[in-house]
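A.B. asks: Quick one: the structure is below, questions incoming.
The numbers here are math on the coordinates, done by the rules we state, and not lab data. Only a predicted model underlies this, so the values are computations on that prediction, with no experimental measurement involved. Cβ placement follows ideal geometry from the backbone for every residue including glycine, while neighbour counts extend to all protein chains displayed.
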Amino acid sequence: MADTLGVAIIGCGGMGRTHARLLAPQEDVHLRALVDVRLEAARALQEEVKAEYTTEDLERVLSDAGVDAVLICTHHHLHRPMCVAAAQAKKNIFVEKPLALTVEDCQAIRDAVNGAGVKLMVGFQARYSPFLLKLKEVIGAPLVIISQLIDPRWDDASWANDPIEGGGNVLSQGCHCFDATCFLAGSEPVSIYAQGGNFTHPNIPQITDSVACVIRFANGAVASVTIGDFGKPALMGKAAYQLFAGDRTGTLWNYYEREPQIKFWGVQPEAFTMDDLPETLRHAHGAHGYTQQMRAMVDWFAYDVDPVNAAKVDDGVRATQLGVLAIEAIRTGQAQPL
Ligand SMILES: NC(=O)c1ccc[n+]([C@@H]2O[C@H](COP(=O)([O-])OP(=O)(O)OC[C@H]3O[C@@H](n4cnc5c(N)ncnc54)[C@H](O)[C@@H]3O)[C@@H](O)[C@H]2O)c1
């Protein structure tokens, strides 16, 4: 690598813009290229972050020796072909969640990445949230976890509800909750049982929008995980994680609202709030880990600093696998082994 990490952002929509804005001020990052089939989206972002060039042509970027790493921020059906092409071009990869929508696609990405010997990080930024890290630090190995990621009903017309591009709530967004639950458990899931189905989008019968799951982990811990877009949780907010270790418990709630909070029982101090964050992280991107995740990616790709908390390719495969197997458990009525 030269003095700076040459980066290309692929897909200049919501997440592409978020990552570009976090990377632009970093002195050891050079925003080399912005790629989008809507060139106007790439150009608008270029105005803001001063990337070197914009293009609609992914091949141009993959054959550009000035690009060390690509950030793949497109819809889900493009993750496999783009990750595989990037791996073959020997670029390190950051890919937004989910790694892909099927286990087969995830495994193809894993094979390409391992075969090419490149690095891949998945956009599960909650692993860098000071709130999840505090829960994990204080509770240690939980015996029981209760997790939720629940939204008001998503628009039928949203791309995330498209069965091919998005996959529906459980696969599209639920992967965050599956991954965070495994991260907090600190153990590998060995089986998943679920009930649920298509509760709120009867006109898109291919998608699963609501699940209540039970996961068992290798260390004997269990998790109850509820995911879907069946209404706004009035008290706990969209995302909440409760960890129980017998003599101590911790509840994180209102995670996505303005004031995420943790309340502990059995340990002091009892509370953890935004006020406990370093001032530099006392904002939404710091509270949710986006800022720290980008820094860890640069440190890994540029200086080979192992990002111990990051979601790597196996974590991406596992999160998709849990969603796919939850849907299979609903279909068969049987718990599914991993
Ligand atoms: N980590 C998170 O918290 C989080 C939040 C939202 C979205 N996401 C993920 O980020 C990814 C992108 O979601 P989004 O909300 O930014 O979508 P978006 O629709 O806002 O942006 C996608 C962009 O990709 C572009 N695009 C489409 N085809 C392309 C191609 N062949 N080559 C280059 N660009 C192409 C589109 O024109 C668009 O600008 C998804 O994987 C999504 O699940 C993650």
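A.B. asks: Taking the radius of gyration and the Kirkwood hydrodynamic radius from Cα positions alone, what is the Rg/Rh ratio for region 5-124, to two decimal places? Provide the component values of the computation, followed by the final result.
C.D. replies: On the way: Rg = 13.2 Å, Rh = 14.0 Å.
Rg/Rh: 0.94.
A.B. asks: Let me ask something else about it. What lysines does LYS312 reach when the alpha-carbon gap must be under 22 Å and sequence neighbours fewer than 8 apart in one chain are set aside?
C.D. replies: LYS90, LYS91, LYS97, LYS119, LYS134, LYS136
A.B. asks: If we count every other residue with Cβ under 11 angstrom of TRP265's Cβ, Lys/Arg +1 and Asp/Glu -1, where does the sum land? Could you put the intermediate results ahead of the total?
C.D. replies: On the way: positive: ARG248, LYS263; negative: ASP247, GLU270.
Around TRP265, the charge tally is 0.
A.B. asks: In nm, to one decimal, how far is the modelled label at LYS232 from the one at THR55, with both set 7 Å along Cα→Cβ?
C.D. replies: 4.4 nm
A.B. asks: How much space per residue, in cubic angstrom, does the convex hull of the C-alpha atoms of the chain take up?
C.D. replies: 131 Å³
A.B. asks: In deg cm²/dmol and to the nearest 500, what is the mean residue ellipticity at 222 nm of the chain if only DSSP H runs of at least 4 residues count, each as -39500 (n - 2.57), divided by the residue total?
C.D. replies: -10000 deg cm²/dmol
A.B. asks: Now for a different question. Indicate, rounded to the nearest 5 percent, the antiparallel portion of the DSSP beta bridges found entirely in the chain.
C.D. replies: 55 percent
A.B. asks: Also, I was wondering about something else. Can you tell me how region 129-245 classifies by the Cα gyration tensor, rounded, prolate or oblate, using a/c under 1.5 as the rounded cut?
C.D. replies: Prolate shape, in that a/c is at least 1.5 and a/b is the bigger ratio.
A.B. asks: On to the next question. With N set to the number of residues, divide the alpha-carbon radius of gyration of region 195-244 by 2.2 N^0.38 Å and report two decimals.
C.D. replies: 1.38
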